[in-house]
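K.L.:
My questions all concern the structure below.
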Amino acid sequence: MLTKISSATTLGIDTYSVDVEVDLSYGLLQFHIVGLPDAAIRESKQRVVTALKQSGFKLPERKIIVNLAPADLKKEGTLFDLPIAIGILQGAGNLAVDADFLRETIFLGELSLDGSIRPVKGILPIAVDCQQLGKKRIIIAQENAHEAALIHNLEIIGVQNLVELVGYLRNEKNIAPTTPTKYEPSVQQFASLDDVKGQYQAKRALQICAAGRHNILCIGSPGSGKTMLAQRLAGLMPAMSFEEMLEVSKIYSISGKLAKGNLVSHRTFRAPHHTISAPGLVGGGSFPQPGEISLAHHGILFLDELPEFKRTTIELLRQPLESGTVSIARAQHTITFPASFVLVAALNPCPCGFFGDSKRACVCQPGQVKRYLDKLSGPLLDRIDLQVPVASVTYDELAQKQPEQLTAAAMHAAIQIAVARQLERNGPEIRWNSQIAANNIEAHCRLTDKARELVKQAFTHLNLSMRGYHKLLKVSRTIADLEACDTVEAQHIQEAVLYRSLDKFLGKLTQ
């Protein structure tokens, strides 16, 4: 007898429907699983057989063939244990579930040897797409139910073990659907930028970075405050929309990092160590998983000591910084993960860290400095909008009172105004100034005559590429938005040029 049970799987953050087809035919007891299963799915034969036996169900003396359709879609993980077991029970006559119920229901879960149902990764993206797949309910492990309950208009049945589920399917046991979770954003206390003394230019650059989602590079000697500044950027950035929360939470769900029953409601701050591998940074594996750049989606990726990273590793950031996505190609499929993040990078000006420092002398040889900075390619630096020197703080700056316009509250208020102006002008599809396409820059960045003349001079003197030219205009547009100006004026261009001058500074270091 042929039985079909509905299930699903994920590739990237996309959900694909999978039909678990179970055929029981007369013959010696055999168990075969086909349909591009990975090793974990092939091992489910032992888990399912033992779980059925321990739950009191006798496995029929028949040849069992399980097909995971479509057969050309690669599947991985342990989430098909439960639908396989239900298909066997239905085919053997231990269950007589209505065909409409099976057609409208997705079964997901891993079976323990004692018949209990264990949670699996990737429940949230599947729950989000259930209605699109034409399903009304999802039957999953009790521990996964709170995650799926974040999605409304879906009947969620959380079960603890196989015996309980069979009783429910036989109408012998009532299991109330999990109550949908009413999302209430939590208040998270971020470290305040007011804790940082001095560093007025760097703080202003962080404000521009937060307002327009611009990438930023901080260069300075050890202990000057680069890491402290980066850790406080999240507190300046605008709150996430519900759509952004859901998108980030889907990434964390398929990674198995989503907190129980909670969306990721705040900008994430990821700070991988410089020993990280390329797959760890951008994602990968035989069955690709998200890397740090995807876990930082709509948040911050902080790369401290940037030249210490392998050059081949950080060069992989070039495409995600432009497109906001990362594509990982394998022989049978290509998976695309979202990766729209703010890059915050920090580096010392030389191996010893004190080139140009006012307190300590540099002991590096010119050749050492050149080899150190040669790890950073021109194309990568060209993708960084703001380049900021972070000098050591003097004692007088420690005692000096913070300028009113650079307090965290004042900066955040200006950022909110700039963000609202961007949304109104750019629309929800573009929204951030850093994401304005090249063919729309002239329309969004209207320059005064004096500003246009300054741009021409900067283009020549800084030897800007076309990408650098566009980034100069985008940064100027954000500065104008912070001041609630409709047009980009000369002073906005002048300030934006300050954040590109590090290109020449880095060039001097290597001479």
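The values are calculated or read from the model by the stated rules, or taken from the named source; none is laboratory data. Bear in mind that the values here come from a model prediction, so they are computed numbers and not experimental data. Using ideal geometry, Cβ is built from the backbone for each residue, glycine included, and neighbour counts are taken over all protein chains shown.
K.L.:
Within the stretch 147-162, is there a residue that is modelled with pLDDT of 95 or more, out of contact with any His (no Cβ under 8 Å at 6 or more places or on another chain), assigned to a loop (DSSP other than H, G, I, E, B) and surrounded by fewer than 20 Cβ atoms within 10 Å (Cβ to Cβ)?
P.N.:
yes
K.L.:
Is it fair to say Lys63 is more than 21 Å from Gly115 (Cα to Cα), modelled with pLDDT under 95 and surrounded by 19 or more Cβ atoms within 10 Å (Cβ to Cβ)?
P.N.:
No.
K.L.:
Which numbered condition trips up His266, out of (1) on the phi > 0 side of the Ramachandran plot; (2) in contact (Cβ under 8 Å) with a residue 24 or more places away in the chain?
P.N.:
All conditions pass for His266, except number (1).
K.L.:
Further, regarding this structure: What are the residues in the stretch 289-333 that are β-branched (Val, Ile, Thr), over 10 Å from the mean Cα position of the chain (by Cα) and more than 23 Å from Lys75 (Cα to Cα), if any?
P.N.:
Within the stretch 289-333, Thr312, Thr313, Ile314 meet the criteria.
K.L.:
Going through the stretch 168-179 one residue at a time, which ones are assigned to a loop (DSSP other than H, G, I, E, B) and of a type outside the set (Gly, Ala, Ser)?
P.N.:
Arg170, Asn171, Glu172, Lys173, Asn174, Ile175, Pro177, Thr178, Thr179
K.L.:
Has the stretch 81-95 got any residue that is of a type outside the set (Val, Ile, Thr), surrounded by fewer than 18 Cβ atoms within 10 Å (Cβ to Cβ), within 25 Å of Asp114 (Cα to Cα) and not assigned by TED's automatic domain parsing to the domain that holds Leu246? So that I can check it myself, show each step before the final result.
P.N.:
Applying the first criterion (of a type outside the set (Val, Ile, Thr)) to the stretch 81-95 yields 81-83, 85, 87, 89-95.
Filter once more, so that each one left must be surrounded by fewer than 18 Cβ atoms within 10 Å (Cβ to Cβ): 93-94.
Cutting the leftovers down to within 25 Å of Asp114 (Cα to Cα) gives us 93-94.
Pick out the ones that are also not assigned by TED's automatic domain parsing to the domain that holds Leu246 and you get 93-94.
Among the residues of the stretch 81-95, at least one is of a type outside the set (Val, Ile, Thr), surrounded by fewer than 18 Cβ atoms within 10 Å (Cβ to Cβ), within 25 Å of Asp114 (Cα to Cα) and not assigned by TED's automatic domain parsing to the domain that holds Leu246, which makes the answer yes.
K.L.:
Residue pairs, Cβ under 6 Å, 6 or more apart or interchain, first in the stretch 361-383 and within 27 Å of Tyr469 (Cα to Cα), second among the β-branched types (Val, Ile, Thr). List them.
P.N.:
Partner pairs satisfying both residue conditions: Lys370/Thr510; Leu373/Thr510.
K.L.:
Do we find that Ala176 is surrounded by 15 or more Cβ atoms within 10 Å (Cβ to Cβ) and over 21 Å from Leu113 (Cα atoms) in this structure?
P.N.:
Working: surrounded by 15 or more Cβ atoms within 10 Å (Cβ to Cβ): no; over 21 Å from Leu113 (Cα atoms): yes.
It is false that Ala176 is surrounded by 15 or more Cβ atoms within 10 Å (Cβ to Cβ) and over 21 Å from Leu113 (Cα atoms).
K.L.:
Out of the stretch 371-382, which residues are surrounded by fewer than 17 Cβ atoms within 10 Å (Cβ to Cβ), of a type outside the set (Asp, Glu) and not in a helix (DSSP H, G or I)?
P.N.:
Result: Lys375, Ser377.
K.L.:
Among all residue pairs at least 6 apart or on different chains, which show Cβ distances below 6 Å where the first residue, located in the stretch 312-335, is more than 26 Å from Lys375 (Cα to Cα) and the second is surrounded by 15 or more Cβ atoms within 10 Å (Cβ to Cβ) and not small (Gly, Ala, Ser)?
P.N.:
From the stretch 312-335, the pairs are Gln332/Lys74; Ile335/Leu11; Ile335/Pro288; Ile335/Ile328.
K.L.:
Further question on the same structure: Cβ contacts < 7 Å: first residue farther than 20 Å from Ala484 by Cα, restricted to the stretch 437-458; second residue at pLDDT below 90, any location; separation 6+ or different chain. Result?
P.N.:
Hits for this filter: Ala458/Leu464.
K.L.:
Mind checking which residues of the stretch 112-121 are more than 17 Å from Gly56 (Cβ to Cβ) and part of a loop (DSSP other than H, G, I, E, B)?
P.N.:
Pro119, Val120, Lys121
K.L.:
Checking the condition of a type outside the set (Asp, Glu) and either in contact with a Leu (Cβ under 7 Å, 6 or more places away or on another chain) or more than 19 Å from Val475 (Cβ to Cβ) (or both), which residue from Lys456, Lys370, Lys450 passes?
P.N.:
Details: Lys456 fails: either in contact with a Leu (Cβ under 7 Å, 6 or more places away or on another chain) or more than 19 Å from Val475 (Cβ to Cβ) (or both); Lys450 fails: either in contact with a Leu (Cβ under 7 Å, 6 or more places away or on another chain) or more than 19 Å from Val475 (Cβ to Cβ) (or both).
Checking each option against the conditions leaves just Lys370.
K.L.:
Follow-up question, since we're still on this one. What number goes with the only condition from (1) touching a strand residue (DSSP E or B) at 6+ places or on another chain (Cβ under 6 Å); (2) not in a helix (DSSP H, G or I) that Leu165 does not pass?
P.N.:
(2)
K.L.:
Select the helices (runs of 4 or more DSSP H) contained entirely in the stretch 1-111, then report the ones holding at least 1 residues which are under 22 Å from Val159 (Cα atoms), in contact (Cβ under 8 Å) with a residue 24 or more places away in the chain and in contact with a helix residue (DSSP H, G or I) (Cβ under 7 Å, 6 or more places away or on another chain).
P.N.:
Working: elements: 39-42, 44-54, 81-92, 99-103.
Answer list for the stretch 1-111: 44-54, 81-92.
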